[in-house]
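Trainee: Below: one structure in structure tokens.
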């Protein structure tokens, strides 16, 4: 046993690059698996912490919604069992006048402040304020204010100082009660111009004229109290208000799904490359070990024993990769979490990576399994060779032609193409994923066939470029297993890179298109915005026009057919197209006109696809006015709310949804006006009416930033896949050179010069690289045509936009990698000692 | 007329680790055009090394080698390569065919490397395949051939460019007696009918019978230069 272990270790140590290649492949697979399986827990913790920053220990939040009679309410004195604390809040906008030197190029004269009114004792129980400075012996009533440390440092305030703040157009003087560390409520986004400050609740209420009222109430439950029961009891008291948990697991899952699913997809791609590298490397290892295996067998070792020698080596790689994979996985997880922690929407989040025994054991077992399973086939193949052939060195390794590959490629390709397209809706996701993998496998199996066809087509060109060496190169590319392995490795790598970059590009285009669909500059919402609000908006200098958007963002229960509609709009047929791009199937004006004539509905294509709707079908929705049936009159192209959107006429919207006020306004500004300045004006004018607003440019920039973060990670994964692939390619070129030393020496013996030797290897590399680029593009397209089906099955409609320049980059990349990898063999080939190679190889 | 191959004080020293091993010591041989010479000697005597030096596959430590009037050490790598394509044909003990090329392609290798158009060699290829009696095997790869057939391909490859000299390193060392007979007859025919100079390395007195002179090498020295076999 000892001698076998010694033999295995010696083999591992002797072939350093090969060991490095296998271990790095296994390590990367294990590390990415570790990170993918650990990211969910880490992000859950991170997002929960982030959400808790604002809501503290609150288990439930009571607030007004669209159907509430007012945006504020009185706290009830009724006792509710299970409630430990109800902390009321009144919040409002305010501003702090900046000195000229601080204002950015004169754009901002004041800094926005978010004033939050609390009872300090309640706040300390709900979401403790950590003071860096605090006055002693004072009660937190009257005109005290707690500032954030960041704000205090920026503007030089200490405890006890006076500060003037503009509230509702009037200047109010406060005294600084304390300075709070930037945690909890005071954790403002660094990107945000707004800073949070806390004042006594009564003081806030008096400025708003809302004595005894709150705009929100945070409910903390007694330990062990049932959330659902308390929620129900509170809902009875606050009947027309919303009583909901701050966030639900479903909300978190939806946020995580966007990140976790692509990570698993990338991990499986890296896994695919690793399996291929280990498989092809073990083919070489077993071929090299044939004489030793023959010797072992000839002195009495059984097949099982020799199998175990090779499996032992594979196991050693797996164990080493498993340990390193866990270590690297922690690093990768940390890196991903740190990238995602810089959230453009909510600022820099605190994060701690979370993983457990499950992730560690899972990654470790995966590493061992990948190594063992990938090496099993080559080892079994050697095991079947008769002892006589081994001893007499008659075994030819695995040089048989794989005649099954082309039919397998055809079958897999056809099935892979069909599966996503014909699978029933409930099976669409797994079958679409399977289909994509089948198509990719088909491309890999088709590599020898594609190579043959390619060489047949371009033989003339090769000959033109390299003369007779081109002919020899073509023959070698066609028949050399290592060159074909290189093409396969590059194919997978290029496909994955192409896929990620094309998806990233497509997302960019889709986002751009989505924002281009909005033909306005600012989106504004004002609480209970009646006609006067719209008129006031139109009167603001720079405002060119407004559209009152009626959008029901609470999911609508469609009872027949059964469906949850995420976004229902009530549109004004006369002006809708001025503010939103509208791409219906058919004449837009005609359809909009018909829509306004009754209870008619139009749905987005995605909704049509899911419900299998046709014009003339009827949809029954459970609306605030009761069950209402609408007739489908058409469909349109829209990815809003992932395609779960529909439109009815605003008249019926108001009637059936009992919504008196529009949800928001689309504001168009004059060509010469600055949307930011107009928005600042709007905020200032409506600050007492719970105004919210953003410029479209800003929304687009934040969306872009979020997408970029996600794609940075995915691109890093795909680059990693490519890097492993490149290592594999370098290894294969060296193996190929070692195996072909004799052939090269023979060619030299019949007159091949040093230059010709180098040129031949380079010509082969260039041809192989070119084919790999081509098959990589083919593989990329194969995956990418399946991706929309996977996403559609997950409820995300998505169009792939191919960028032709990526194809050229892929082609050039394949050639550059192959050429670079062949430099060393070409150099070694030109210096080859013919006699040594012929006599002693 | 100059000798086909001539060596002057040819020496070759290898290094086994740090230990120098003198394989050839001041060898002087003269091989005339049209001769069929067998270099014989015990294992490790330096006979194969001498052959490889004659063909320019290895570089001497000292001394000179002339092919006709050209001295090999004065030639560049390119010139030596061209010489091996056009003036010399090699045949090895283990055939040394390129495994992924067909019989035809293996035979045409020197032509392809010489940058000549393969279509100009169609007739020559046909003739040579007929000469080595492999008409029904031309599309096969080496692994589909017997040892004797592979060696005949190697001989055909050595002949395709019509070189003046054939250098064969134990051409029958790996063959059975029937294949040995076939290959030696072929080399003899090449020598006698085509007038090629043939130099073979061999252990076997039997195969040496096919030639007309034996050069015996022992401990890196020739000890019977000039002695005719017949």
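The values are calculated or read from the model by the stated rules, or taken from the named source; none is laboratory data. Keep in mind that this is a model prediction, so the values were computed, not measured. Virtual Cβ from ideal backbone geometry, glycine too; neighbours counted across all protein chains shown.
Trainee: Taking the condition of being assigned to a loop (DSSP other than H, G, I, E, B) and farther than 18 Å from residue A:56 by Cα, how many residues in the stretch A:124-158 meet it?
Mentor: Of the residues in the stretch A:124-158, 12 are assigned to a loop (DSSP other than H, G, I, E, B) and farther than 18 Å from residue A:56 by Cα.
Trainee: Looking at B:155, B:128, which is the one that is in contact with a strand residue (DSSP E or B) (Cβ under 8 Å, 6 or more places away or on another chain), in a helix (DSSP H, G or I), away from every other protein chain (no Cβ under 12 Å) and within 19 Å of residue B:89 (Cβ to Cβ)?
Mentor: Of the residues listed, the single one that is in contact with a strand residue (DSSP E or B) (Cβ under 8 Å, 6 or more places away or on another chain), in a helix (DSSP H, G or I), away from every other protein chain (no Cβ under 12 Å) and within 19 Å of residue B:89 (Cβ to Cβ) is B:155.
Trainee: Can you go through A:280, A:346 and tell me which one is surrounded by 15 or more Cβ atoms within 10 Å (Cβ to Cβ), outside the structural domain of residue A:185 (by TED's automatic domain parsing), at pLDDT below 85 and over 24 Å from residue A:739 (Cα atoms)?
Mentor: A:346
Trainee: Additional query: Pairs under 6 Å by beta carbon, first residue more than 7 Å from chain B (Cβ to nearest Cβ) in the stretch A:743-754, partner surrounded by fewer than 22 Cβ atoms within 10 Å (Cβ to Cβ) and not in a loop (DSSP other than H, G, I, E, B), six or more apart or different chains?
Mentor: Qualifying pairs under 6 Å: A:745/A:837.
This table checks each residue for (1) within 22 Å of residue A:691 (Cα to Cα); (2) at pLDDT 80 or above; (3) surrounded by fewer than 17 Cβ atoms within 10 Å (Cβ to Cβ).
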position	(1), (2), (3)
A:55	yes, yes, no
A:65	yes, no, yes
A:68	yes, no, no
A:107	yes, no, yes
A:111	yes, no, no
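Trainee: Do you know which residues across the stretch A:480-517 are over 16 Å from residue A:767 (Cβ atoms) and either assigned to a loop (DSSP other than H, G, I, E, B) or touching a strand residue (DSSP E or B) at 6+ places or on another chain (Cβ under 8 Å) (or both)?
Mentor: Within the stretch A:480-517, just A:517 meets the criteria.
Trainee: Any chance you could count how many residues in the stretch A:159-183 are in contact with a helix residue (DSSP H, G or I) (Cβ under 6 Å, 6 or more places away or on another chain) and either in a strand (DSSP E or B) or within 19 Å of residue A:120 (Cα to Cα) (or both)?
Mentor: The qualifying residues number 5.
Trainee: If you don't mind, there's one more thing I want to ask. Can you confirm whether residue A:786 is more than 14 Å from every other protein chain (Cβ to nearest Cβ), in a helix (DSSP H, G or I), under 18 Å from residue A:493 (Cβ atoms) and in contact with a helix residue (DSSP H, G or I) (Cβ under 8 Å, 6 or more places away or on another chain)? Give the derivation first.
Mentor: Numbers: more than 14 Å from every other protein chain (Cβ to nearest Cβ): yes; in a helix (DSSP H, G or I): yes; under 18 Å from residue A:493 (Cβ atoms): no; in contact with a helix residue (DSSP H, G or I) (Cβ under 8 Å, 6 or more places away or on another chain): yes.
Considered against the rule, which asks whether it is more than 14 Å from every other protein chain (Cβ to nearest Cβ), in a helix (DSSP H, G or I), under 18 Å from residue A:493 (Cβ atoms) and in contact with a helix residue (DSSP H, G or I) (Cβ under 8 Å, 6 or more places away or on another chain), residue A:786 comes out as no.
Trainee: Now, a different point. Among B:105, B:136, B:77, which is free of Cβ contacts under 8 Å to residues at least 40 places away in the same chain and more than 8 Å from chain A (Cβ to nearest Cβ)? Talk me through it step by step, then tell me what you get.
Mentor: On the way: B:105 fails: more than 8 Å from chain A (Cβ to nearest Cβ); B:77 fails: more than 8 Å from chain A (Cβ to nearest Cβ).
Just a single option satisfies the conditions, and that option is B:136.
Trainee: In this structure, is residue B:10 more than 10 Å from chain A (Cβ to nearest Cβ), farther than 22 Å from residue B:172 by Cα and surrounded by 20 or more Cβ atoms within 10 Å (Cβ to Cβ)?
Mentor: Numbers: more than 10 Å from chain A (Cβ to nearest Cβ): yes; farther than 22 Å from residue B:172 by Cα: yes; surrounded by 20 or more Cβ atoms within 10 Å (Cβ to Cβ): yes.
Answer is yes for this residue.
Trainee: Right, another one. With the condition kept exactly as written, say whether any residue in the stretch A:521-535 is within 14 Å of chain B (Cβ to nearest Cβ), surrounded by 15 or more Cβ atoms within 10 Å (Cβ to Cβ) and part of a helix (DSSP H, G or I).
Mentor: Within the stretch A:521-535, not a single residue is within 14 Å of chain B (Cβ to nearest Cβ), surrounded by 15 or more Cβ atoms within 10 Å (Cβ to Cβ) and part of a helix (DSSP H, G or I).
Trainee: Among the residues of the stretch A:564-611, count how many are in a loop (DSSP other than H, G, I, E, B), in contact (Cβ under 8 Å) with a residue 24 or more places away in the chain and closer than 23 Å to residue A:518 by Cβ.
Mentor: So the count comes out to 10.
Trainee: Would you pick out the residues in the stretch A:460-470 that are touching a helix residue (DSSP H, G or I) at 6+ places or on another chain (Cβ under 6 Å) and free of Cβ contacts under 8 Å to residues at least 40 places away in the same chain?
Mentor: A:463, A:468
Trainee: Every residue in the stretch B:108-123 that is more than 8 Å from chain A (Cβ to nearest Cβ) and closer than 19 Å to residue B:149 by Cα, please.
Mentor: B:108, the sole residue that qualifies.
Trainee: Name the residue, out of A:117, A:93, that is in contact with a helix residue (DSSP H, G or I) (Cβ under 7 Å, 6 or more places away or on another chain) and at pLDDT 90 or above.
Mentor: A:117
Trainee: Going through A:418, A:462, A:431 one at a time, which residue ends up being part of a helix (DSSP H, G or I) and assigned by TED's automatic domain parsing to the domain that holds residue A:489? I'd like the intermediate steps shown before the answer.
Mentor: Values: A:418 fails: assigned by TED's automatic domain parsing to the domain that holds residue A:489; A:431 fails: assigned by TED's automatic domain parsing to the domain that holds residue A:489.
Going through A:418, A:462, A:431 in turn, the sole match is A:462.
Trainee: Oh, and also: Out of the stretch A:794-827, which residues are touching a residue at least 60 places away in the same chain (Cβ under 8 Å), within 30 Å of residue A:745 (Cβ to Cβ) and crowded, with 18+ Cβ neighbours inside 10 Å?
Mentor: Within the stretch A:794-827, A:814, A:817, A:818, A:821, A:822, A:825, A:826 meet the criteria.
Trainee: Confirm whether residue B:68 is on the phi > 0 side of the Ramachandran plot and in contact (Cβ under 8 Å) with a residue 24 or more places away in the chain.
Mentor: On the way: on the phi > 0 side of the Ramachandran plot: yes; in contact (Cβ under 8 Å) with a residue 24 or more places away in the chain: yes.
Criteria met by residue B:68.
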